[in-house]
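Student: So that we are looking at the same thing, I have put the structure below in structure tokens.
The values are calculated or read from the model by the stated rules, or taken from the named source; none is laboratory data. Quantities reported herein were computed from a predicted structural model and do not represent experimental measurements. Virtual Cβ from ideal backbone geometry, glycine too; neighbours counted across all protein chains shown. All accessible areas refer to the heavy atoms of the entire protein, side chains included, with ligands and DNA or RNA removed. Shrake-Rupley method; radii C 1.70, N 1.55, O 1.52, S 1.80 Å.
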Number of protein chains: 2
Amino acid sequence: MKILDIGEVAAQSGVPPSTLRYYEEQGLIAPIGRKGLRRQYGPQTLLRLTLISMGKAAGFSLPEIAQMLGADGHPDLPRDELHARADDLGRQIRRLQLLQDTLRHVADCPASSHLDCPSFQKLMRQAERTAARVGKRASR
Amino acid sequence: MKILDIGEVAAQSGVPPSTLRYYEEQGLIAPIGRKGLRRQYGPQTLLRLTLISMGKAAGFSLPEIAQMLGADGHPDLPRDELHARADDLGRQIRRLQLLQDTLRHVADCPASSHLDCPSFQKLMRQAERTAARVGKRASR
DNA sequence: GCTTGACCTCAAGTTGACTTGAATTCGCAG
DNA sequence: CTGCGAATTCAAGTCAACTTGAGGTCAAGC
């Protein structure tokens with residue numbers, strides 16, 4: 001059957017009950033009903049929790065995630081806002097790739113000062129270019 | 001000339017002076033010296049701040065970033081630790097791409113319930129697969 | 001030579017995201 | 001029924017990452 005109580009949701013998602021209640025307070029998730037006092041969750045909740053965790057990893061705040069997911073399962077945001085978020089995400093992804101490259105570079109490059117190494121310099125030039133746009137979304 | 005005082009660093013990096021002082025306390029950056037009481041920064045500081053901001057965006061804590069950057073500009077971590085971090089970053093990047101795809105999907109897909117839409121379902125199956133590994137690094 | 005504005009220190013406050021604890025209350029196993 | 005483990009509420013606590021404020025210093029321009 002498909003009805004889960006809070007402990008099962010916690011076990012399957014890895015998110016503790018206290019956090020699930022907190023998320024409910026914040027409007028991120030909602031039980032499908034109650035049995036007595038006990039919250040009963042549908043299986044879509046697990047999916048939502050996955051999306052919430054991805055959103056957090058992307059640096060969105062809980063209120064932002066709540067908007068993107070919408071109370072009902074459909075976003076609260078207009079299409080172009082969603083695309084704008086996706087665009088932000090694209091920039092974010094590029095920055096992380098750059099960081100990844102940089103990390104691998106410093107792990108492997110034998111040059112004792114990276115400031116001398118041309119491939120490090122190239123990474124840093126790119127980093128500087130992407131740096132300009134940091135925090136744009138957060139500040140709107 | 002290449003010596004900056006805290007206000008100039010703040011202006012060029014967008015990081016407020018209070019935060020620069022806080023970062024110094026946390027061992028993330030250091031002035032090249034003082035003129036009287038005033039901190040004097042070299043231009044490498046701007047680069048470090050770029051890397052710090054990328055590290056934060058990737059979800060690393062300030063102490064983790066401090067290790068990766070090292071006090072001297074060279075990482076405090078062994079090569080394989082750095083590669084492990086880069087690998088984590090790769091997983092993180094994949095999750096963000098998935099979120100990006102999902103966002104664009106819900107922005108554009110006309111199906112009134114995404115649960116019905118096969119391409120949404122496909123995204124969610126992938127999401128579930130990546131979900132398992134969440135927070136691995138954080139928990140070590 | 002004195003004012004002014006940018007800087008300083010240090011302690012305390014704030015915010016977001018949770019967690020913890022105390023005091024109940026269910027609901028199912030025996 | 002009875003007991004007990006899993007849930008519940010609500011207030012308070014915690015932690016990381018900063019910010020703010022009070023009170024002081026300093027050097028550069030008028």
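Student: Which residue, B:53, B:13, B:113, tops the fluctuation ranking in a GNM of chain B built on C-alpha contacts under 10 Å?
Tutor: Residue with maximal mean-square fluctuation among B:53, B:13, B:113: B:113.
Student: Which entries in A:56/B:2; A:2/B:56; A:56/B:122; A:122/B:56; A:2/A:56; A:35/B:122 show an alpha-carbon gap greater than 30 Å?
Tutor: Values: A:56/B:2 38 Å; A:2/B:56 38 Å; A:56/B:122 21 Å; A:122/B:56 21 Å; A:2/A:56 26 Å; A:35/B:122 33 Å.
Exceeds cut-off: A:56/B:2; A:2/B:56; A:35/B:122.
Student: Which residue of chain A is nearest the rotation axis onto chain B, counting by its Cβ, and what is the distance in whole Å?
Tutor: A:93, 3
Student: Which distances, shortest first and in nm, link residue A:19 to the matching position in the other copies, using label points set 7 Å out along Cα to C-beta?
Tutor: With the label placed 7 Å along Cα→Cβ, residue A:19 yields 2.6 nm.
Student: Okay, next question. Divide the volume of the convex hull of the Cα atoms of segment B:58-107 by its number of residues and quote the answer in cubic angstrom per residue. Before the final figure, lay out the partial values.
Tutor: On the way: hull volume 3.6 nm³, N = 50.
Hull volume normalised by residue count: 72 Å³.
Student: What number do you get for segment A:16-140 when its Cα radius of gyration is normalised by 2.2 N^0.38 Å, N = residues? Walk me through the numbers on the way to the answer.
Tutor: On the way: Rg = 20.2 Å, N = 125, 2.2 N^0.38 = 13.8 Å.
Here the answer is 1.47, to two decimals.
Student: Which whole number gives the average count of other chain Cβ atoms within 10 Å of the Cβ atoms across peptide A:39-52? Walk me through the intermediate numbers first.
Tutor: Values: counts 0, 0, 0, 0, 0, 1, 0, 3, 6, 0, 1, 10, 9, 0.
Other-chain Cβ atoms within 10 Å of each residue's Cβ, averaged: 2.
Student: How far is residue B:42 from itself in the other copies, in nm, if each label sits 7 Å out from Cα along the Cα-Cβ line, shortest first?
Tutor: 6.1
Student: I've got another one for you. At residue B:81, with labels set 7 Å past Cα in the Cβ direction, how many nm apart are the copies from this one, shortest first?
Tutor: So the label point of residue B:81 gives 4.3 nm to the other copies.
Student: To continue, here is another question. Under 5 Å between amide hydrogens, which residues at least 5 positions from residue B:41 or on another chain qualify, with H placed 1.01 Å from N in the peptide plane?
Tutor: So residue B:41 has HN proximity to B:4, B:5, B:32.
Student: If you roll a 1.4 Å probe over chain A with all protein chains in place, what percent of the accessible area is carbon or sulfur?
Tutor: Working: 3920 of 7640 Å².
Accessible surface attributable to carbon and sulfur in chain A totals 51 percent.
Student: If you don't mind, there's one more thing I want to ask. Partner chain Cβ atoms within 10 Å, averaged over the residues of B:94-101 - can you pull that number for me?
Tutor: Details: counts 1, 7, 10, 3, 3, 14, 10, 2.
Counting other chains' Cβ atoms within 10 Å and averaging over B:94-101 gives 6.
Student: Let me ask something else about it. In nm, to one decimal, how far is the residue A:129 label point from the residue B:72 one, both placed 7 Å along Cα→Cβ?
Tutor: Going from the residue A:129 label point to the residue B:72 one covers 3.3 nm.
Student: Same structure again: Looking at the protein assembly as shown, I'd like the Rg to Rh ratio, where Rg is from alpha-carbon atoms and Rh is Kirkwood's inverse mean 1/r. Mind dumping the intermediate values first?
Tutor: Working: Rg = 21.5 Å, Rh = 20.9 Å.
Rounded to two decimals, Rg over Rh is 1.03.
Student: I've got another one for you. May I have the extent of the alpha carbons of segment B:79-139 along their three principal axes, as whole Å values ordered from largest to smallest?
Tutor: 49, 18, 15
Student: Please work out the C-alpha center-to-center distance from segment B:68-87 to segment B:7-21 and express it in whole Å.
Tutor: 25
Student: Relative contact order, percent, of chain A when contacts are C-alpha pairs under 8 Å separated by at least 6 residues? Working shown, then result.
Tutor: Values: 99 pairs, mean separation 22.6, N = 140.
Here the relative contact order equals 16 percent.
Student: Here is a further query. Remind me, what semi-axes does segment B:4-69 give for its equivalent ellipsoid, largest first in whole Å, using sqrt of 5 times each Cα gyration tensor eigenvalue?
Tutor: Numbers: eigenvalues 81, 28, 19 Å².
Those come to 20, 12, 10 Å.
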